[in-house]
Amino acid sequence: METMDRGAAGRPPLVLVAEDATIVRLDLARLLEQSGYEVIQARDGEEAVALCEEHKPDLAILDVKMPNLDGIEAARRILRGQLLPIVMLTAYADEDSVTRAIDAGVFAYLTKPFREQDLLPAIKTAQARYQEFLNVLDDYDSLSDALAAQKMIEKAKGLLMAKEGLSEGEAFTRLRTASKLSGQSLEVIAGAVVAAFATA
């Protein structure tokens, strides 16, 4: 599996930026290049899928609303051929879009208009969630099962963050610790947390 380790081999990590608005796309590319990344650019979802198949980037940043193929469907198709962290660039944080993106396997969001200081934290979040997902994937036979488990884990993390004031990292550590102590999978522990809050 591809990971963000090209720098160790002397090459900067490769990032795909897919955005139909030229100014936004070029701005993202500039910020990424200034941060040490190599960038390839796509103007729509179909081009993004093709470039991922050709270049195998280490990370993708996809706009939700693009011509020919939207970013969420592009993410779904990309992840069928290659596992990589994906950041969704969106001005649309509606529940339907968020649910579709989670189901597709997106790992983080960057909301437009974004600030320069928001970009790298979004990438770090995507990388961290991607690593979590690889750990979950080891416990499952199929990508779809692992994605379903990851969705439950994300829901449990969100509840722990909202109800108990934990950071995302603290919430995941609590779930992982409970999993190790009980011998149950992360998905089972996450399901128990969701059920507990539902009846509280």
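Read-outs throughout are calculated quantities, based only on the coordinates presented, and are distinct from any laboratory measurement. Keep in mind that what you see is a predicted model, and the values were worked out from it rather than measured. Note that we place each Cβ from the backbone using ideal geometry, even for glycine, and neighbour counts take in every protein chain shown.
Once the Cβ-Cβ distance of A196 and D145 is raised to the sixth power relative to R0 = 22 Å, the FRET efficiency obtained is 0.45.
The packing ranking, built from the mean of other Cβ atoms within 10 Å per residue, places the peptides 147-158, 166-177 in the order 147-158, 166-177, highest first.
Taking label points 7 Å from Cα along the Cα-to-Cβ direction, D138 and L166 give a separation of 2.0 nm.
Rounded to the nearest 10 degrees, the inclination of helix 186-199 to the longest alpha-carbon principal axis of the chain is 70 degrees. Sequence-distant contacts, meaning Cα pairs under 8 Å at least 6 residues apart, place the relative contact order of the chain at 13 percent. In order along segment 103-115, the phi-based Karplus estimate (6.51 cos²θ - 1.76 cosθ + 1.60, θ = phi - 60°) of 3J(HN,Hα) comes to 4, 6, x, 5, 9, 6, 10, 10, 8, 8, x, 8, 9 Hz; Gly and Pro are listed as x. Pairs of Lys residues in the chain are counted when their Cα atoms are under 27 angstrom apart and they lie 8 or more places apart or on different chains; the count is 23.
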